[in-house]
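The values are calculated or read from the model by the stated rules, or taken from the named source; none is laboratory data. Quick caveat: nothing in here was measured; it's all calculated off a predicted structure. FYI the Cβ positions are ideal-geometry reconstructions off the backbone, even for glycines, and counts take in every protein chain you see.
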Amino acid sequence: MQLNGLLHGARLLSHVDFPTPEVLGPDASEDAIQNLIDRHGLVFIKPVFRGGVGKKGKAGLVGKARTLKEALAEKERLYFCEHRHGNAYAKANGVTFEAGVPAEEEVYFSITDDTRFRAPTMTLTHRGGMDIEELPKSDVATVPFEALTGLKAFVVANALSDIGAPKEIISPLVQHLPKLWELVHHYGMTTLELNPIRMRPGSGGRLTPVACDFKCGFDRDDPRVGRLGLPSQLFASDVSAFEQEVNQLRTHQGQSDVFVINEKGTILAPTFGGGANSLVTEVLGEAAIISSDFGGNPPYEKMKAVASICYRHFLKQTNVLFIIGGKSNNTDILETFRGMGDALREHFAANGPTPLYVVVGRGGPNLVRGMGNLAETLESLGLPYRFFGFDSAISEVVNYAKRVDEWMRKGGREEIAATLGLKAAAA
Amino acid sequence: MFHQGIQGIPYYLGVRSLGEIATREDRVCVLNVMGGESRQVTPTSHAFSGGNVVFGTSPGRAGQVLRTPAGDIPVFNNVREGLAAGHAFNTGVVYLPPSGVRDGVAELIRVNPGLRKIVIITEKIAVHDAREIRAMAQGNGIDIIGGNCLGVADSWNRVRIGGALGGDHPEESLLKGSVAIFSNSGGFTTTIAQYLGTAGWGTTTLVSSGKDLYIHYACPDFARAFAADDRSKAAVLYAEPGGYYEQGIEWTKPVVACVVGRWKSKLTRAVGHAGAMAGSGDKAEDKERWFMQAFGVEGIFTPENPVVSAKGAVVTNIADIPAALTAVMRLNGMAPDFAPRGDLALKPWVANDQGLRLPGEVGLPVVTAPEPYGGQIAALGRQVGAVVARQNMKDKSGASVMDPKTQVTSVHGHEVLDLALLPLEACFALPLVHEIASENDRVMLDVAVAAEVNLVGDPILVAADAARDAGNAPNAVMATAAAIVGPKRVERVLACTRALIDAFAHSGLRRARDEAFDTSGVVMDAATRALFLATPEEAGDPRPEAMLAAIEARGGRSAFLKYLKGLDGRLSRDAILAATATTIAWGPLMRKRISRLTAETLPWYLRLYGVMVGATIPGAHHQSGSLWGIGREERFGRWTMADLCFLAMTGKKPTPEEALPLQILIGLLISNGPGSISAQGAKGAVSADGPQTPGRVQINKAMVGFLTHTGYSHGGNGFEGMAFLLEQFKGTGLTDPSDPGHGLDLKAMATEFARGYRREKKASKEVGAELRALPGVHHPIFKGKPVNHDPRERFVAEYMAKAGRYNVFHAFYRELVQALYEQGASPYVFCVNVDAVIAALLLALLWPDYQAGRLSERDLETAAFTVFLYGRMIGSAAEIDDHLNRGRNMDTRTPASQCGFVV
């Protein structure tokens, strides 16, 4: 759950009265844009991306305009532009028009929880507007602070002294930056980055920090995010329809992040335990449809509901239903297997059978009762299966599931379809 | 602001050595001890650790206790009450829901000055709360483990605190040895310990750290305590991407680090975890590099490329941990703690190939699981057949379903259209064994049913004739016969079937026709053997020998029959029927496709099939040794089910040309799903007997239920289409309906009818009368397009065309729908529906006899009804068996609140 840009950022910053430039959204009229140019001389045109997209300037995706014509041309160029960073890909949908802020000084500021200190940590430099990684360490202050008391003015002042910041920026930053902790801590953020903050001279030469870009990450486990009243579709690019549906069932009891690895995969692997999830996803590679962790002892109803959603979205394309986990510590195997088995039975009843080979690798409480229950279900559905206990290496079981998938691709699927009385076309 | 613990660390850390993390002296208070997870886990922890939990809290539950094998744990409303009651503790365990964790930690810290450690099990704690928890603990000098972890355990001290390390049998995994484990994954903490055991390595202290953003007891803390713990000679770490906890650690003893999660960096978008936003250097690859630098190795350890140093090794697969550790320790001159326990090779415990021929690498043979699991699995194996959960089966069926779009019904996964193309004897077993019968089974079934059809000398025949003479429709005649085939009439054959299943269930017999199977291990006592032998009263029944001879002659094979033939006595007809039924049911039963109940009751259905077909033949034609003039030997030895049904309807054996349409007709009529009236009748009859006491359900009465729920509107209406065709073809001189060169101008006939129908339509509109419906034309589902088709009609038409068969009546119907449209009698081209196909096929079959005057219109009507009953008899058997297996007593009734009263 990440957010970038001033379209929404400016509104969030207004919660703590942190200054921002004037911003117009994608639906701004030409009159409004002209008016903005008239008052500020220069406007920046930036694409609107969902999620956490950085380094737009470097990618040439920040436009500048001093006339309406230029502004509209940049709008056209950037409205649906594409952005790649590493494997991450984003497509814009809209632009913002942001008033230019005249300034001599630019500041970088962020708050995040740093695992090196295990504390909220401020990163601050007066050499803002560029990549923080490219600056000499002496110019950057990285300062952990106490979570219970928060980011205090003296912490900011000390940091600015340490890095030798120009004296005219110290007082305005000491006044304004601590407010940002309130935004981070009380609205469920994990990260906030303002880069650049431009130091705008006001009457009498006093500088005011103005946030000219905005990035933040939210903690999906923190209900405080709801206080901001952000529309949920802001985060929709983060998730597929399946993920959205299945993650609605996310609670503290069982089932962590579930996401789609390969929409065209052929192994559907409900995985139990974070470690198993990592291992399974890594070894299955492209064959995996989803990456999931359903551990944490989910109750029967929840397991059945989660399994139903998985089946509804992906069972048709699935060659191998692969239920996999280590030797569970407290997840009840009978309850979870019964949930998945009953969901499968109901799916077959509603949608008809589909050729499937079921592989299980599991250990834990009520193991054999769980296996027996699932076996009965699979037998009544006429599906072939192989169940491994915890004395087979989990990675070998994963490789076995891949071998079954191979066999299914090379004709096994048709063979099972035939035993289920399915016509080849339907299979 | 932190409380100073160990000197020289810029934060608080109290645990100096791993040996201090979980000790026998630790006393524990569990917050939310009565929560779902704690209730399961805490009793095992408490008992394993010698009773270390002094009390738990659960607001509003003071006075209750949590029962454990090591005595009850008292429950208080809050920590203060527990302390006031005299229970001192130094360790808190938090099982609270996420929103309550921070406050629980505050409670523990503020209320109990003796607190030293907290283990937080809860997952999905907000980062906001984790920050504050960290700050509180640091300021007050408390060590925290977790959150989102499974706690800590110590194999030397036999203690576990917090979560469920080692599962419900901690002693199986927590084997005393020399290796410490620190793992981001709770599940893998136990799994790694178990894997180490396969290479002979036991454990000292196991720490499940959790992998939230805030890891309160993290890798550097572990490294320090590991260095100070003399018991621990080596450590195994399991780490996932995110966070810098593993960076820059100076390890003082050998370590095997497993880093998993490279796939995460291949994702096309960020996945919530520490540092994901900045995308900075804490990916799996980075962590591998940190460890490789720390250990001075150049690559990842794999069995093929075992890269190790005396300092350690890096693996990316937890299965490689034991080998890597052994290799590292060898360089340090250290041998495993004990002899290896088990191995990690692939060992399928339970499998079912459903009769598929799997290649070797897929069809791995099942191995016996270690105890106690092996014994439990063996107990499962002794369970013969499937077990089906009972539920309310009103308007539901596990046997049949009609696709609302195509209106095509499937029975046990087989569409009736496909069944229509199979020999009848293949379909007759389907409802009961859920599979299409094999060639061998068809032979067995043909003979078994043929032996039941001739009812000479049986009171059934008298009753059936009396019913017929009283003017009843064929369903009532059949019902009269079925009513007599009550429980006593099948008592012995069912007992025989049960005895065969008992005797062979665990014999290892897989294929029922495997006559080479060695039955020397099959044991049967004298009383049971006697069950199968003919009694002196049966001495005059010639059928057993005739059946055996027929099966032999037709190449039928049965391990059961072969076994029974060795019993040294004359077999009864019941014995042969039981062996036949068991042969047919055996495969599905062993594969757990069907229940034992279904297999045991199969002979009842087979007998009913025979009697119901037999009852449709008037009594005069049942003679000793001959039915409608056909000798026993011929019927048993060569006739099929289709032949018998044709004989019952026409008094003669069909030619192959005649047998096919009959087979298609019966196939099409097998089922229309559980909503049809006939199915409802059958299901209601089962429900009323009470399927939860299956032994009391009268299957013959359920057949009567089906039969009484058919009638002139449901079943008998098949004649309407025939009557319509008779009217159209009256006086045309048609002799052979299957001859395309019939010389009739079908188009002209259809056009003429359509013109008349249009006039009729107009006239009835003017007077506001209801227009007569045309049988066989139009369908409430397949309508509204310019040209409409009933997919079932098209299926049959295409099949017949492919087989080079012609049917003039069917052809006429196709002309008719066109003509109705062309003449303005229909708004679009109506479909020819499946009823038209049935009428056309049946009329063509009976046309020669009708033309010759051997059959009257009344006979045609009876034939149409009878053929419906034959088909539906199969479908009803499926519903009866399904309801018997799945249903609940009286589950088909409708609650009074859903019933209406009409005045």
For residue B:339, state whether it is surrounded by 14 or more Cβ atoms within 10 Å (Cβ to Cβ) and either under 30 Å from residue B:244 (Cβ atoms) or more than 9 Å from chain A (Cβ to nearest Cβ) (or both). no
Of all residues making up region A:12-26, the number that are within 27 Å of the chain's Cα centre (by Cα), closer than 17 Å to residue A:68 by Cβ and not aliphatic (A, V, I, L, M): 2
Can you pull out the residues in region A:379-390 that are buried (at least 24 other Cβ atoms within 10 Å of the Cβ), hydrophobic (A, V, I, L, M, F, W, C) and either without any contact (Cβ under 8 Å) to a residue 60 or more places away in the chain or more than 8 Å from every other protein chain (Cβ to nearest Cβ) (or both)? A:387, A:388
Looking at region B:554-666, what helices (runs of 4 or more DSSP H) fall wholly within it and have at least 3 residues that are within 14 Å of another protein chain (Cβ to nearest Cβ)? B:573-590, B:596-615
Residues that are under 26 Å from the mean Cα position of the chain (by Cα) and part of a strand (DSSP E or B): does region A:46-61 have at least one? yes
Of all residues in region B:83-101 being part of a loop (DSSP other than H, G, I, E, B) and surrounded by fewer than 21 Cβ atoms within 10 Å (Cβ to Cβ), which is farthest from the other protein chains (Cβ to nearest Cβ)? B:86
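Based on this model, can you work out whether residue A:173 counts as under 19 Å from residue A:206 (Cβ atoms) and modelled with pLDDT of 95 or more?
Values: under 19 Å from residue A:206 (Cβ atoms): yes; modelled with pLDDT of 95 or more: yes.
Considered against the rule, which asks whether it is under 19 Å from residue A:206 (Cβ atoms) and modelled with pLDDT of 95 or more, residue A:173 comes out as yes.
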Kindly evaluate residue A:361 against the criterion of being more than 7 Å from chain B (Cβ to nearest Cβ) and either within 30 Å of residue B:171 (Cα to Cα) or touching a helix residue (DSSP H, G or I) at 6+ places or on another chain (Cβ under 9 Å) (or both). yes
State whether one or more residues within region A:37-54 are more than 14 Å from chain B (Cβ to nearest Cβ), in contact with a strand residue (DSSP E or B) (Cβ under 7 Å, 6 or more places away or on another chain) and free of Cβ contacts under 8 Å to residues at least 40 places away in the same chain. yes
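Given the structure, is residue B:247 within 12 Å of chain A (Cβ to nearest Cβ) and touching a His at 6+ places or on another chain (Cβ under 8 Å)?
no
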What is the number of the single condition among (1) under 25 Å from the mean Cα position of the chain (by Cα); (2) closer than 18 Å to residue A:401 by Cβ; (3) of a type in the set (Gly, Ala, Ser) that residue B:360 does not meet? (1)
Of the conditions (1) assigned to a loop (DSSP other than H, G, I, E, B); (2) more than 10 Å from chain A (Cβ to nearest Cβ); (3) in contact with a Lys or Arg (Cβ under 9 Å, 6 or more places away or on another chain), residue B:145 satisfies every one except a single condition; which number is it? (1)
Select from region B:123-142 the residues that are outside any helix (DSSP H, G or I), in contact with a helix residue (DSSP H, G or I) (Cβ under 7 Å, 6 or more places away or on another chain) and in contact (Cβ under 8 Å) with a residue 60 or more places away in the chain and list them in ascending order. B:125, B:142
Count - residues of region A:104-118 that are out of contact with any Gly (no Cβ under 6 Å at 6 or more places or on another chain), buried (at least 20 other Cβ atoms within 10 Å of the Cβ) and not acidic (Asp, Glu): 5
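To keep it simple, each residue is scored yes or no on (1) of a type in the set (A, V, I, L, M); (2) surrounded by fewer than 24 Cβ atoms within 10 Å (Cβ to Cβ); (3) within 26 Å of the chain's Cα centre (by Cα); (4) within 12 Å of chain B (Cβ to nearest Cβ).
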residue: A:296; (1), (2), (3), (4): no, no, yes, yes
residue: A:308; (1), (2), (3), (4): no, yes, yes, no
residue: A:316; (1), (2), (3), (4): no, yes, no, no
residue: A:322; (1), (2), (3), (4): no, no, yes, no
residue: A:332; (1), (2), (3), (4): no, yes, no, yes
residue: A:336; (1), (2), (3), (4): no, no, no, no
residue: A:371; (1), (2), (3), (4): yes, no, no, yes
residue: A:376; (1), (2), (3), (4): no, yes, no, yes
So, in region B:330-370, how many residues would count as being closer than 30 Å to residue B:511 by Cβ and in contact (Cβ under 8 Å) with a residue 40 or more places away in the chain? 3
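Yes/no matrix, rows are residues, columns are (1) touching a strand residue (DSSP E or B) at 6+ places or on another chain (Cβ under 6 Å); (2) more than 14 Å from chain A (Cβ to nearest Cβ); (3) modelled with pLDDT of 95 or more; (4) at negative phi:
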site: B:178; (1), (2), (3), (4): no, yes, yes, yes
site: B:182; (1), (2), (3), (4): yes, no, yes, yes
site: B:187; (1), (2), (3), (4): yes, no, no, yes
site: B:190; (1), (2), (3), (4): yes, no, no, yes
site: B:197; (1), (2), (3), (4): no, no, no, yes
site: B:204; (1), (2), (3), (4): yes, yes, yes, yes
site: B:213; (1), (2), (3), (4): yes, no, no, yes
site: B:219; (1), (2), (3), (4): no, no, yes, yes
site: B:226; (1), (2), (3), (4): yes, yes, yes, yes
Any hit, region B:317-335, residues being modelled with pLDDT of 95 or more and closer than 30 Å to residue A:85 by Cβ: no
Within region B:4-40, how many residues are over 29 Å from residue B:69 (Cβ atoms) and of a type in the set (D, E, K, R)? 1
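Pick from region B:112-134 the residues that are away from chain A (no Cβ under 14 Å) and buried (at least 16 other Cβ atoms within 10 Å of the Cβ): which of them is nearest to the chain's Cα centre (by Cα)?
Of everything passing the filter in region B:112-134, B:118 is nearest to the chain's Cα centre (by Cα).
Determine, yes or no, whether residue B:777 is surrounded by fewer than 15 Cβ atoms within 10 Å (Cβ to Cβ) and aliphatic (A, V, I, L, M). Let's see the steps before the verdict.
Working: surrounded by fewer than 15 Cβ atoms within 10 Å (Cβ to Cβ): no; aliphatic (A, V, I, L, M): yes.
Against the criterion (surrounded by fewer than 15 Cβ atoms within 10 Å (Cβ to Cβ) and aliphatic (A, V, I, L, M)), residue B:777 does not qualify.
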Report yes if residue B:557 is within 13 Å of residue B:580 (Cα to Cα) and assigned by TED's automatic domain parsing to the domain that holds residue B:444, otherwise no. yes
Name the residue, out of A:159, A:211, that is crowded, with 21+ Cβ neighbours inside 10 Å, over 27 Å from residue A:46 (Cβ atoms) and more than 14 Å from every other protein chain (Cβ to nearest Cβ). A:159
For residue B:104, state whether it is in contact (Cβ under 8 Å) with a residue 24 or more places away in the chain, not basic (Lys, Arg) and not in a loop (DSSP other than H, G, I, E, B). yes
